[in-house]
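Engineer: First the structure, then my questions, so here it is.
The values are calculated or read from the model by the stated rules, or taken from the named source; none is laboratory data. Just so you know, these numbers come straight off a predicted model, no measurement behind them. Glycine also receives a Cβ, built like all others from the backbone with ideal geometry; neighbour counts cover every protein chain displayed.
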Amino acid sequence: MKKLFQDQKFRSAWRLVKPWVGAVALFLILRYTGALSGISFFTNKALLETGALNASTDELNATETFDYNFTLTTLSGDVVDFTTFKGKTIFINLWATWCGPCRAEMSSIQELYDQVDHTKVAFVMLSLDAPTHTKKVETFVRDKHYTFPVYRPHGPLSDALNVSSIPTTLVISPEGKVVSKKVGAANYGTSKFKKFLEEL
């Protein structure tokens, strides 16, 4: 080993790689101790408080029709056919308890939920935690005093919900069009976003 470190080429390569080894080691430690999620939560929460991440109310070119043909499960185990939400504006948020940015935006979603007319706007908070973690999801929702409805996938989801990153939030118009899609944390508890939902 001593001979290897005396080799000029090896020493040059090691100088280039050494900073990355430390960074990767730190990332792995944070990731597997759960600290990375906590750091992500506090960073996103601070950004949300500044207003820099207020949810956009710009509509997409609403040509994509949403596929309602799938089912969900409530935390108590009841199966819900998604077609029951047809005719309403639907706020769908895909999240997980281990996702820091997801947790950071939750209080703003609760704020929005408290302000809208539930006869016109349906909320679907879709937890993507592992199926074995239902109790963890229940505990999280209860401890945070969230009252919006939380669901779990029940069988295959609509292609529109097979997202590559969470949190992802979609808004579906009463006509069944995807009018908004936001990937990443946002502040939904604004009067502007409430008005956007209610006027669809």
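Engineer: I'd like the full set of residues that are of a type in the set (A, V, I, L, M, F, W, C) and in contact with a Phe, Trp or Tyr (Cβ under 9 Å, 6 or more places away or on another chain), limited to the stretch 122-143.
Structural biologist: Taking the stretch 122-143 and keeping what is of a type in the set (A, V, I, L, M, F, W, C), we get 122-126, 128, 130, 137, 140-141.
Result: Ala122, Phe123, Val124, Met125, Leu126, Leu128, Phe140, Val141.
Engineer: Please report, ordered by residue number, the strands (runs of 3 or more DSSP E) entirely within the stretch 102-200 with at least 1 residues that are at positive phi and either surrounded by 20 or more Cβ atoms within 10 Å (Cβ to Cβ) or modelled with pLDDT of 95 or more (or both). So that I can check it myself, show each step before the final result.
Structural biologist: Numbers: elements: 121-127, 150-154, 168-172, 178-183.
It comes to none.
Engineer: Then there's this: What are the residue pairs meeting all of these: first residue in the stretch 74-88, first residue farther than 18 Å from Val178 by Cβ, second residue hydrophobic (A, V, I, L, M, F, W, C) and assigned to a loop (DSSP other than H, G, I, E, B), Cβ atoms under 9 Å, and 6 or more apart or on different chains?
Structural biologist: From residues that are farther than 18 Å from Val178 by Cβ, the pairs are Asp81/Phe70.
Engineer: For the stretch 68-83, enumerate the residues that are loosely packed, with under 15 Cβ neighbours inside 10 Å, among the hydroxyl-bearing types (Ser, Thr, Tyr) and under 24 Å from Met106 (Cα atoms).
Structural biologist: Residues of the stretch 68-83 that are loosely packed, with under 15 Cβ neighbours inside 10 Å, as a first pass: 69, 74, 76-79, 81, 83.
Filter once more, so that each one left must be among the hydroxyl-bearing types (Ser, Thr, Tyr): 74, 76, 83.
Result: Thr74, Ser76.
Engineer: Across the stretch 86-101, what is the number of residues that are within 16 Å of Ala55 (Cα to Cα) and in a helix (DSSP H, G or I)?
Structural biologist: Residues flagged as within 16 Å of Ala55 (Cα to Cα) and in a helix (DSSP H, G or I) within the stretch 86-101 amount to 1.
Engineer: Now, a different point. Can you spot a residue in the stretch 35-55 that is within 30 Å of Gly155 (Cα to Cα), in a helix (DSSP H, G or I), among the hydroxyl-bearing types (Ser, Thr, Tyr) and modelled with pLDDT of 60 or more?
Structural biologist: No: the stretch 35-55 contains no residue that is within 30 Å of Gly155 (Cα to Cα), in a helix (DSSP H, G or I), among the hydroxyl-bearing types (Ser, Thr, Tyr) and modelled with pLDDT of 60 or more.
Engineer: Taking the stretch 113-137 as the search range and keeping residues that are farther than 18 Å from Trp98 by Cα and among the β-branched types (Val, Ile, Thr), which one is nearest to the chain's Cα centre (by Cα)?
Structural biologist: This residue is Val124.
Engineer: Restricting to the stretch 172-200, what's the tally of residues that are within 16 Å of Met106 (Cα to Cα) and touching a residue at least 40 places away in the same chain (Cβ under 8 Å)?
Structural biologist: Step one: filter the stretch 172-200 for residues within 16 Å of Met106 (Cα to Cα), giving 182-190, 193-194.
Now drop any that are not touching a residue at least 40 places away in the same chain (Cβ under 8 Å), which leaves 182, 184-190, 193-194.
Summing the residues that are within 16 Å of Met106 (Cα to Cα) and touching a residue at least 40 places away in the same chain (Cβ under 8 Å) in the stretch 172-200 gives 10.
Engineer: Yes or no: Glu59 at pLDDT below 95 and not in a loop (DSSP other than H, G, I, E, B)?
Structural biologist: Numbers: at pLDDT below 95: yes; not in a loop (DSSP other than H, G, I, E, B): no.
In short, no.
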